[in-house]
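Working notes, beginning with the structure itself.
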Amino acid sequence: QVQLVESGGGLVQPGGSLRLSCAASGIIFSFYHMAWYRQAPGKQRELVARIRSGGTISYADSVKGRFTISRDNAKNTVSLQMDSLKPEDTAVYYCNAQKLDTIAWGQGTQVTVSS
């Protein structure tokens, strides 16, 4: 059974930084594409960043140059370093694992950017 547990959310001032982490269990982690999504109130869930099993990385245009996704296959974790945070980054952030037709989600962690 796939389990994804996020941590690291919180309240930060504009321009600040946060690091989100996602610990995976129940899967052969290195085989999975991992991603971070976010959902702001009243908006659809959107892809923030993805790191494929082979290491290819992609970002949403809105976070390029500010966010960095990374994975540690030895520790079954994926992280999202978020710098230069803006109020519009406020959302619930979800960890996602995908391989072929298998998709799993974490429970989400709140990130609030406000002064």
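The values are calculated or read from the model by the stated rules, or taken from the named source; none is laboratory data. All figures in this text were calculated on a predicted structure; none of them were measured in a lab. A quick note on method: Cβ atoms are made from the backbone with ideal geometry, for glycine too, and the neighbour counts reach across all protein chains shown. The area values use the complete protein model at the heavy-atom level, side chains included, leaving out ligands, DNA and RNA. Shrake-Rupley method; radii C 1.70, N 1.55, O 1.52, S 1.80 Å.
Within the accessible surface of the stretch 7-87, defined with a 1.4 Å probe on protein heavy atoms only, the carbon and sulfur portion equals 49 percent. Calculated FRET efficiency, Ile57 to Ser114, Cβ-Cβ distance, R0 = 25 Å: about 0.30 to the nearest 0.05. For the chain, the solvent-accessible area with a 1.4 angstrom probe is 53 square angstrom per residue. The alpha-carbon of Lys86 sits under 25 angstrom from the alpha-carbons of these lysines, leaving out residues fewer than 8 places away in its chain: Lys43, Lys64.
On alpha carbon coordinates alone, what is the Rg over Rh value for the chain, Rh being the Kirkwood radius? Expressed as Rg/Rh, it is 0.95.
Rounded to the nearest 20, the Cβ-based charge dipole of the chain about its Cα centre (Lys and Arg +1, Asp and Glu -1) stands at 140 debye. Pairs of Cα atoms nearer than 8 Å and 6+ residues apart set the relative contact order; for the stretch 26-79 it is 28 percent. For the chain, the relative contact order is 36 percent, taking Cα pairs closer than 8 Å that sit 6 or more residues apart in sequence and dividing their mean separation by the residue count.
Extent of the stretch 12-59 along its three principal axes (Cα atoms, max minus min coordinate, largest first): 36, 24, 22 Å. May I ask for the distance between the Cα centers of the stretch 1-78 and the stretch 91-115, given as a whole number of Å? With the stretch 1-78 and the stretch 91-115 each reduced to a Cα centre, they are spaced 7 Å. Taking a point 7 Å out from the Cα of Gln107 in the direction of its Cβ, the residues of the stretch 1-34 whose backbone N falls within less than 18 Å of it are 1-11, 20-26.
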